[in-house]
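Colleague: Have a look at this one.
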Amino acid sequence: MAATQVLSKDTSVPMKNELLAGRTRAAMIFLLPMMLALAIVAGWPLLRSIWFSFTDASLVHLYEAKFVGFKNYLNWIDLPSGKRVYTGVLVDKGWWNAVWNTLRFGTVSVVLETIFGLAVALVLNAEFKGRGIVRAAILVPWAIPTVVSAKMWAWMLNDQLGIVNDMLQRLGIITEKIAWAADANYSMAAVLMVDIWKTTPFMALLILAGLQMVPKDVYEAAEIDGVHPVKVFFKVTLPLIKPALMVAVIFRLMDAMRIFDLIYVLTPNSSQTKTMSVISRENLFDFDKFAYGSAESTLLFVFLLIMVTAYIKFAKVNLDGSTQ
Amino acid sequence: MAMKYLKSTAFYVLVVFIVVQALFPFYYAIITSFKSGSHIFEITYLPNDFSLQNYKDVLFKGNGTFIRNFWNSIVIATSTVVLSLFIAVTASYALSRVRFRGRSLMLMTILAVSMFPQIAVLAGLFELIKGLGIYNTPYALIFAYTIFTLPFTVWVLTTFMRDLPIEIEEAAIVDGATPWVIIRRVFLPLMWPALVTTGLLAFIAAWNEFLFALTFTSSMDTRTVPVGISMLSGNSEHEIPWGMIMAASVIVTLPLIALVLIFQRKIISGLTAGGVKG
Amino acid sequence: MANLVLKNVKKSFGSVNVIKGVDLEIKSGEFMVFVGPSGCGKSTLLRLIAGLEDITSGTLSFDGQVVNALAPSRRGIAMVFQSYALYPHMTVYENMAFGMQLSGGSKDDIKTRVEKAAALLQITPYLERLPKQLSGGQRQRVAIGRAIVRDPKVFLFDEPLSNLDAALRVATRLEIAKLHHSMNSVTMVYVTHDQVEAMTLADRICVLRDGLVEQVGTPLELYENPTNIFVAGFIGSPKMNFLEGKFAESYKAHTIGVRSEHMEFVKKGGWQGSVIHAEKMGSDTYSFVDVGSAEPIIIRETGTSRHDVNAKVSVAPMDGKVHRFAADGKAI
């Protein structure tokens with residue numbers, strides 16, 4: 001007893017439990033490999049990419065790159081005639097065209113995928129024979145590599161030999177065969193078609209998970225009260241799955257805004273579908289404008305950063321809680 | 001009564017439409033891949049030829065480049081997944097089970113990295129890979145793919161581990177288990193389903209990747225399958241070998257579809273738990 | 001074999017104070033039960049003793065040695081959890097042997113101890129089974145067996161019976177009581193929200209409310225001499241009758257409390273009222289009588305009652321069986 005009293009006087013500052021101290025220490029050690037890996041493979045390259053955008057780096061002269069300030073973004077030369085000519089990404093028509101294409105593609109694809117995904121999810125949420133088969137079937141487009149789906153659709157959308165034109169002609173929707181991928185008027189439609197086909201399943205599954213968390217008795221109560229199903233959908237179902245929907249939309253939006261492979265393979269040369277990722281890679285590696293391409297990729301990064309921050313703020317998405 | 005029939009008929013029409021649109025492109029690729037010679041120029045809805053010529057061409061023409069690419073894809077995707085899972089298991093234990101300052105900030109960072117536009121790091125990664133001397137080797141891709149597989153696996157495993165009952169861990173603590181022993185002897189045996197799911201999803205992501213594979217490899221025999229397929233060309237520049245491309249597509253996709261169908265339920269739960277890219 | 005002393009122990013999670021200064025001594029070999037309503041901090045207190053949570057301030061000592069900083073595995077404790085917390089992928093044998101394996105016991109030693117514990121709890125036939133192949137009661141025995149194998153100085157139970165059905169709960173309660181008798185040198189600390197469990201198992205009970213100790217004593221001390229209204233109301237079933245106002249004034253108290261078995265029907269005098277309901281249990285009858293107090297008075301009679309519902313009756317407390325409480329709730 002006496003010993004306890006002496007000791008307790010010494011411990012006016014409480015001693016930390018070695019268990020918890022040990023756990024915190026272990027946690028730090030456990031996190032170290034991941035943090036190192038992410039720092040090396042993501043953090044450092046990101047910083048270097050941003051740095052390159054402020055230099056005159058080219059593919060051949062990567063290591064002799066010199067700082068040039070904002071010249072890649074905006075620069076001007078005063079001609080002897082007194083005329084001032086602006087250069088740089090920010091006044092590059094090609095770049096703004098890519099921005100416009102990206103936004104157009106992102107918005108249309110995500111909106112349509114959400115609507116179709118919701119429809120498919122509602123179907124899958126109903127109980128019917130063969131539901132398992134449908135669920136398995138819609139996973140197929142998701143599992144097929146993007147490059148492969150691009151090729152498969154390129155074949156189906158081929159102007160002379162494509163089965164899509166054949167179908168549309170048989171149905172009497174078109175009379176002339178369309179060169180979907182090559183014709184500037186249709187290339188965006190072609191890209192959208194493939195992307196929607198491939199990505200709607202992902203949307204549907206995320207929304208379905210949200211739907212399945214809605215308790216059944218909510219519907220039963222609505223049915224007993226004689227509420228029309230359409231009204232139930234808008235007044236009950238939609239508000240309840242809104243959190244899941246919001247998360248699905250932001251993930252898809254982020255994904256759509258950085259699209260590269262589908263467009264690179266399906267419509268390689270169409271200015272109508274050239275997106276920010278495509279144009280910036282083109283400058284980086286194909287046109288030997290490494291620094292200029294870096295500036296474009298940096299702008300895309302900043303753009304997405306602003307977009308996702310704004311989205312989380314305004315839509316009040318709780319990414320953490322939504323997972324469980 | 002009639003109304004009810006109409007409704008259920010309409011519903012099944014919708015169901016059939018969903019299934020057909022989902023499967024038709026792949027079906028069409030299969031029937032095309034069996035067409036040889038001039039059959040390829042006939043638009044048919046049902047198979048009209050069963051030639052294996054396209055498959056033979058893909059596999060054995062061009063000195064086995066395609067087989068080489070296929071093997072590259074397997075090695076790279078598998079290594080990436082194993083590496084990521086290895087790092088992710090301990091990290092997600094720390095993130096899900098230990099209270100420490102800055103934990104939610106770290107989780108948000110991980111999520112942010114997983115949503116990263118890959119193009120934003122492309123220039124820096126290119127420099128790093130050149131600098132490390134691994135350009136145009138499988139290591140370049142294993143290295144680069146960590147950028148999306150690692151955050152994804154950490155995120156999914158963290159949500160999974162958070163759901164493991166806390167009392168089991170506390171029982172192990174009372175039994176004298178250190179965090180490492182808890183992971184190895186208590187949690188890992190309980191996590192096999194989650195590891196399989198996460199690994200599979202990460203595998204698919206690595207298998208399908210295109211941008212890095214296109215940028216960090218430069219020769220025929222270091223390419224992965226997606227790049228290989230995108231570059232398949234025929235005898236002349238203007239003749240696209242559709243039959244061969246479809247055969248290659250089928251070969252690349254069949255293993256994936258088999259995996260997806262076998263692990264259907266797990267994949268769906270993993271996708272929705274992770275909520276990350278498809 | 002350990003004597004536990006808590007000195008002004010406090011625990012807060014962030015700005016929330018859960019344990020607000022507990023002084024308590026648990027004697028060696030004693031069966032101490034922490035009881036209280038949910039949120040009173042009883043489980044937290046147990047977890048502080050186990051070492052699963054950090055003590056914010058104050059000291060906890062085992063046999064005079066301060067153990068605040070000691071990891072759970074080095075405190076000589078064993079714990080039985082509410083959800084059993086068996087390792088699902090290990091057999092019963094492996095579950096029970098795990099702790100000893102980690103501390104580096106020899107194979108033979110482990111085997112002897114596991115088999116001894118298994119025999120004691122009659123789970124020997126299940127040693128090679130997985131937890132999911134066992135019933136709830138069997139699982140709880142395995143959990144207890146796992147704790148026994150550790151040969152602890154202090155045995156901690158965190159609501160171990162609350163996942164069992166009523167019949168099994170009584171049987172397992174008896175099992176734990178027997179365990180205490182056969183291991184009478186081991187100190188046991190048991191947390192429950194069920195005052196019947198507390199009364200039947202405890203050597204001493206510690207009633208907690210809102211992070212503070214309300215009263216510590218043997219079950220009968222608590223039953224007969226509660227030091228405040230809270231303990232009086234919490235211990236005993238049915239709940240003690242409380243009366244205020246004019247009923248209490250004649251006893252010179254703010255509130256008076258009388259247990260149902262200390263009320264009786266009287267011919268004259270007492271409080272007039274009518275029977276509003278009677279619960280006939282066979283062995284006893286509980287009559288609810290409305291005498292104009294806030295709540296009807298419950299009166300327990302052995303056997304069947306002679307009073308019908310709506311009958312006009314007079315009731316009175318027995319002599320010397322009235323608990324008197326001041327306005328602050330303390331017993332007078």
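Nothing in this text is a laboratory measurement; each read-out follows from the coordinates by a stated rule. Quantities reported herein were computed from a predicted structural model and do not represent experimental measurements. Quick reminder, even Gly has a Cβ in these numbers, built from the backbone with ideal geometry, and neighbours come from all protein chains shown.
Colleague: Determine the sum of side-chain charges near A:N75: Lys and Arg each +1, Asp and Glu each -1, restricted to other residues whose C-beta is under 12 angstrom from that of A:N75.
Modeller: -1
Colleague: Nearest-5 percent of antiparallel DSSP beta bridges in the protein assembly as shown?
Modeller: Given both bridge residues lie in the protein assembly as shown, the antiparallel proportion sits at roughly 75 percent.
Colleague: Quick one: net charge around B:F216, please, counting Lys, Arg +1 and Asp, Glu -1 for every other residue with C-beta under 13 Å from its C-beta.
Modeller: Residues close to B:F216 contribute a combined charge of +1.
Colleague: Quick one: what Rg and Dmax do you get for the protein assembly as shown from the alpha carbons, in Å?
Modeller: 36.5, 124
Colleague: With contacts defined as alpha carbon pairs under 8 Å and 6 or more residues apart, what's the relative contact order of chain C in percent?
Modeller: Details: 670 pairs, mean separation 57.8, N = 332.
Taking the mean separation of contacting Cα pairs over the length of chain C, I get 17 percent.
Colleague: How high is the relative contact order of chain A, in percent, counting Cα pairs under 8 Å that sit 6 or more residues apart? If you can, show how the numbers build up before the last one.
Modeller: Values: 335 pairs, mean separation 79.1, N = 324.
So the answer I get is 24 percent.
Colleague: Let me ask you something else. Taking GluC sites (Glu not before Pro) as exposed when DSSP calls them loop (any state but H, G, I, E, B) and at most 16 other Cβ atoms lie within 10 Å, what is the longest stretch of chain A free of them, the sites themselves excluded?
Modeller: So the longest stretch without any such site is A:177-324.
Colleague: Which Cα, out of B:G243, B:I67, B:M191, lies furthest along the positive dipole direction of chain B (beta carbon charges, K/R +1, D/E -1)?
Modeller: Positive-most Cα among the choices belongs to B:M191.
Colleague: Going toward the positive end of the dipole of the stretch B:51-274, with +1 on Lys and Arg Cβ and -1 on Asp and Glu Cβ, which of B:P151, B:Y135, B:G124 do you reach last?
Modeller: Highest projection toward the positive end goes to B:P151.
Colleague: How do A:I40, B:I183, B:I268 line up, fewest other C-beta atoms within 10 Å first?
Modeller: Listing A:I40, B:I183, B:I268 from fewest to most nearby Cβ atoms yields A:I40, B:I268, B:I183.
Colleague: Let's see if you can work this out: charge +1 on each Lys and Arg Cβ, -1 on each Asp and Glu Cβ, no other charges. What is the dipole magnitude of the protein assembly as shown about its Cα centre, in debye to the nearest 20?
Modeller: That gives the protein assembly as shown a dipole magnitude of about 500 debye.
Colleague: Which entries of C:K132/C:K178; C:K42/C:K153; B:K266/C:K107; A:K151/B:K56; C:K10/C:K153; C:K20/C:K153 have Cα-Cα distances beyond 30 Å here?
Modeller: Working: C:K132/C:K178 26 Å; C:K42/C:K153 20 Å; B:K266/C:K107 39 Å; A:K151/B:K56 19 Å; C:K10/C:K153 24 Å; C:K20/C:K153 27 Å.
Long pairs (Cα-Cα over 30 Å): B:K266/C:K107.
Colleague: Looking at chain B, which longest stretch skips every one of the trypsin sites (Lys or Arg not before Pro) that is in a DSSP loop with at most 12 other Cβ atoms within 10 Å, leaving the sites themselves out?
Modeller: The answer is B:102-278.
Colleague: Provide, for q = 0.08, 0.09, 0.19 Å⁻¹, the log10 of I(q)/I(0) from a solvent-free Debye sum over equal Cα point scatterers in the stretch C:89-229.
Modeller: Cα-only, vacuum Debye calculation for the stretch C:89-229: -0.26, -0.33, -1.13.
Colleague: Next question, about the same structure. Provide the percentage of antiparallel DSSP beta bridges, counting only those with both residues in chain C; round to the nearest 5.
Modeller: In chain C, DSSP labels about 75 percent of beta bridges as antiparallel.
Colleague: So if a site counts as exposed when it's one of the trypsin sites (Lys or Arg not before Pro), its DSSP state isn't H, G, I, E or B, and it has at most 11 other Cβ atoms within 10 Å, what's the longest stretch of chain C without one?
Modeller: C:1-251
Colleague: Dipole size in debye (nearest 20) for the stretch B:51-274 around its Cα centre, Lys and Arg Cβ +1, Asp and Glu Cβ -1?
Modeller: 300 debye
Colleague: May I pose another question? Hey, got the dipole for the stretch A:90-322? About the Cα centre, +1 on K and R Cβ, -1 on D and E Cβ, debye to the nearest 20?
Modeller: In total the dipole reaches around 280 debye.
Colleague: Still on this model: Pick from B:A258, B:A144, B:A91: which residue has the top mean-square fluctuation in a GNM of chain B where Cα pairs under 10 Å get a spring?
Modeller: Its mean-square fluctuation being the largest, the pick is B:A258.
Colleague: Around B:G124, what is the net charge, scoring Lys/Arg as +1 and Asp/Glu as -1 over all other residues with Cβ under 15 Å from its Cβ? Don't jump to the answer; show the numbers that get you there.
Modeller: On the way: positive: A:R48, A:R281, B:K130; negative: A:E296, B:E127.
Here the charged neighbours net out to +1.
Colleague: For B:R162, project a label point 7 Å along Cα to C-beta. Then give me every residue of the stretch A:222-265 with its amide nitrogen under 15 Å of that point.
Modeller: What the label zone holds, given the 15 Å backbone N cut-off, is A:244, A:247.
Colleague: Here is a follow-up. Which of the listed residues, A:G130, A:L305, A:Y73, is farthest toward the dipole's positive end in chain A, when Lys, Arg count +1 and Asp, Glu count -1 at the beta-carbon?
Modeller: Positive-end residue among those listed: A:L305.
Colleague: Could you give the angle, 0 to 90 degrees to the nearest 10, between helix B:264-274's Cα long axis and the longest principal axis of the Cα atoms of chain B?
Modeller: On a 0 to 90 degree scale, this one is about 60.
Colleague: Still on this structure: Near B:K4, which lysines are there with a Cα under 20 Å away, not counting those fewer than 8 places off in the same chain?
Modeller: A:K129, A:K231
Colleague: Against the longest principal axis of chain B, how steep is helix B:138-162, in degrees 0 to 90 to the nearest 10, with axes from Cα atoms?
Modeller: Its long axis makes an angle of about 50 degrees.
Colleague: Next question, about the same structure. Using the count of nearby Cβ atoms within 10 Å as a rough guide to exposure, how do A:V232, B:V121 rank from fewest to most?
Modeller: A:V232, B:V121
Colleague: Follow-up question, since we're still on this one. Using only the Cα atoms of the stretch C:239-325, each taken as one equal point scatterer with no solvent, compute I(q) by the Debye sum, divide by I(0), and report log10 of the ratio at q = 0.17, 0.19 Å⁻¹.
Modeller: Summing over Cα pairs of the stretch C:239-325 leads to -0.64, -0.79.
Colleague: Here's another thing I want to ask about it. Loop-only check: which trypsin sites (Lys or Arg not before Pro) in the stretch A:87-139 are DSSP coil with at most 12 other Cβ within 10 angstrom?
Modeller: In loop regions of the stretch A:87-139 (DSSP not H, G, I, E or B), the sparsely surrounded trypsin sites (Lys or Arg not before Pro) are A:K129.
Colleague: Given a cut-off of under 8 Å on Cα pairs at least six residues apart, what relative contact order in percent is computed for the stretch A:66-197?
Modeller: Computed over the stretch A:66-197, the figure is 16 percent.
Colleague: Under 29 Å from the Cα of C:K252, which lysines turn up, not counting those fewer than eight places away in the same chain?
Modeller: C:K239, C:K267, C:K268, C:K312, C:K321, C:K330
Colleague: Moving on to the next point. Stokes-Einstein at 20 °C, 1.002 mPa s, Kirkwood radius from Cα pairs: D for chain A in µm² s⁻¹?
Modeller: My calculation gives 88 µm²/s for D.
Colleague: Let me ask something else about it. Can you give the direction-averaged projected area of the convex hull of the alpha-carbon atoms in chain C, in nm²?
Modeller: Dividing the Cα hull surface by four gives the mean projection, 19.8 nm².
Colleague: Which whole-percent values make up P(r) of chain B when all C-alpha to C-alpha distances are grouped in 5 Å steps starting at zero?
Modeller: 1, 5, 10, 12, 13, 13, 12, 10, 8, 6, 4, 3, 1, 1, 0
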